[in-house]
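The structure appears right after this line, and notes come after that.
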Amino acid sequence: MGAAIGFALTQSAAVVFAVFTALALGLAAPYLLLSWQPAWVRVLPRPGAWMELLKQFTAVPLFATAIWLAWVYGQLHASSGVDQMALLLTCFLVLAIAGWALGRWPAKWASRIAALALIALGLAIPLSQTRDAARAGTPDQSNAMQQDAAQSGLSTSGAGLIWQPYSQQALDAARASGHPVFLDFTAAWCLSCQFNERAVLRSSDVESALRAHNFVLLKADWTNGDPEITKKLASLGRAGVPTYVLYPATAGSAPDVLPELLTKGLVLAAIERDAK
């Protein structure tokens, strides 16, 4: 649904209304059908012990989501991720104690007050920490890496292709040197971005094509909402991630903006089209 909403936010008011109306109708359709034909309620499962089992089963994806969000939280603190993760897990422990207090003494004001105090304390543990803005390497080192990438084209390592951090200067330098550019707007919390990266961009076929055509690879990390990246997205007619842009090697050529959801065939065709 994130891809649909991201698309809608870049369109006209009529398209935005149509997309959100379609989402609302889809969510409301089961209730509308049962209201229209109440007799169909008879085909639904009867209440019973299975509901308790279902409740317990649905806890599994919720715990998995908590693990993913904890991973995203660690990505926000590049230089102190382990310390921040420890604070976040401590927050979870305090929240669990708050839940235990409510269950141990239900319907008592004292337990509610204690739970609220524990919840406030638990949330304060990670939130009180100032965000560490330090990145891997100093700004001078990052600029040097970007200039080297622009001058030498595609960078590789034993583990595969290396994506350099985005800046407008790095993009301009790469285009001035005559190299095609693949610009990936992504974020750690974006599930579509992670899927596209693992299923398509890291595939051997796509990496081989990027290497063969000597693409400069730039990654615009929007995890922390970088204003420069936001401005670049707006200039491309996009309001969020994922966004994928290929700049042809020919100077002055218009950027080639790909759809939010990628396939290998789509990316390979774009690479061949924009490598000239």
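The values are calculated or read from the model by the stated rules, or taken from the named source; none is laboratory data. Just so it is clear, the structure is predicted and the values come from calculations on it, not from any experiment. Methodologically, a virtual Cβ is constructed for each residue, glycine included, from the backbone with ideal geometry; neighbour enumeration extends over all protein chains shown.
Quick grid of which residues meet (1) of a type in the set (Val, Ile, Thr); (2) at pLDDT below 90; (3) more than 17 Å from Leu261 (Cβ to Cβ):
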residue: Ile162; (1), (2), (3): yes, yes, yes
residue: Gln168; (1), (2), (3): no, no, yes
residue: Asp172; (1), (2), (3): no, no, yes
residue: Asp184; (1), (2), (3): no, no, no
residue: Cys190; (1), (2), (3): no, yes, no
residue: Glu197; (1), (2), (3): no, no, no
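Could you identify the single residue in Val16, Val43 that is surrounded by 13 or more Cβ atoms within 10 Å (Cβ to Cβ) and without any contact (Cβ under 8 Å) to a residue 40 or more places away in the chain?
Working: Val43 fails: surrounded by 13 or more Cβ atoms within 10 Å (Cβ to Cβ).
The match here is Val16.
Can you tell me which residue in segment 210-234 is nearest to Trp189 (Cα to Cα), limited to those that are free of Cβ contacts under 8 Å to residues at least 12 places away in the same chain and within 20 Å of the chain's Cα centre (by Cα)? Walk me through it before giving the result.
Residues of segment 210-234 that are free of Cβ contacts under 8 Å to residues at least 12 places away in the same chain, as a first pass: 212, 225-227, 230-231, 234.
Narrowing further to those that are within 20 Å of the chain's Cα centre (by Cα): 225-227, 230-231, 234.
Values: Gly225: 11, Asp226: 14, Pro227: 17, Thr230: 16, Lys231: 20, Ala234: 20 Å.
Looking at the filtered set, the residue picked out is Gly225.
Within segment 203-235, restricting attention to residues that are under 18 Å from Asp172 (Cα atoms) and small (Gly, Ala, Ser), which residue is surrounded by the fewest Cβ atoms within 10 Å (Cβ to Cβ)?
Result: Ser235.
From the list Gln75, Gln84, Gln56, which residue is touching a residue at least 60 places away in the same chain (Cβ under 8 Å) and either of a type outside the set (A, V, I, L, M, F, W, C) or assigned by TED's automatic domain parsing to the domain that holds Ser192 (or both)? Break it down stepwise before answering.
Numbers: Gln84 fails: touching a residue at least 60 places away in the same chain (Cβ under 8 Å); Gln56 fails: touching a residue at least 60 places away in the same chain (Cβ under 8 Å).
Within the list Gln75, Gln84, Gln56, the selection yields Gln75.
Condition (residue is at pLDDT 95 or above, crowded, with 19+ Cβ neighbours inside 10 Å and of a type outside the set (A, V, I, L, M)) applied to segment 236-246: is it met by at least one residue? Walk me through how you get there before you give the answer.
Within segment 236-246, the subset at pLDDT 95 or above is 244-246.
Going one step further and asking which of them are crowded, with 19+ Cβ neighbours inside 10 Å, we end up with 244-246.
Still in the running and of a type outside the set (A, V, I, L, M): 244.
Yes, segment 236-246 has at least one match.
Among the residues of segment 130-152, is there at least one that is at pLDDT 55 or above and either touching a Ser or Thr at 6+ places or on another chain (Cβ under 8 Å) or within 30 Å of Thr90 (Cα to Cα) (or both)?
To start, the set of residues in segment 130-152 that are at pLDDT 55 or above comprises none.
No, because not a single residue in segment 130-152 is at pLDDT 55 or above and either touching a Ser or Thr at 6+ places or on another chain (Cβ under 8 Å) or within 30 Å of Thr90 (Cα to Cα) (or both).
How many residues, within segment 244-265, are more than 24 Å from Ala234 (Cβ to Cβ) and not basic (Lys, Arg)? Before the answer, list the steps.
From segment 244-265, those more than 24 Å from Ala234 (Cβ to Cβ) are 249-250, 263-265; that's our starting set.
With the extra rule that they be not basic (Lys, Arg), the set shrinks to 249-250, 263, 265.
Residues flagged as more than 24 Å from Ala234 (Cβ to Cβ) and not basic (Lys, Arg) within segment 244-265 amount to 4.
If you check Pro259 against the conditions, is it under 19 Å from the mean Cα position of the chain (by Cα), modelled with pLDDT under 95 and over 23 Å from Leu69 (Cα atoms)?
Working: under 19 Å from the mean Cα position of the chain (by Cα): yes; modelled with pLDDT under 95: yes; over 23 Å from Leu69 (Cα atoms): yes.
The answer is yes for Pro259.
Consider Ala29 carefully, then state whether it is surrounded by 12 or more Cβ atoms within 10 Å (Cβ to Cβ), more than 30 Å from Trp222 (Cβ to Cβ) and not assigned by TED's automatic domain parsing to the domain that holds Ala187.
no
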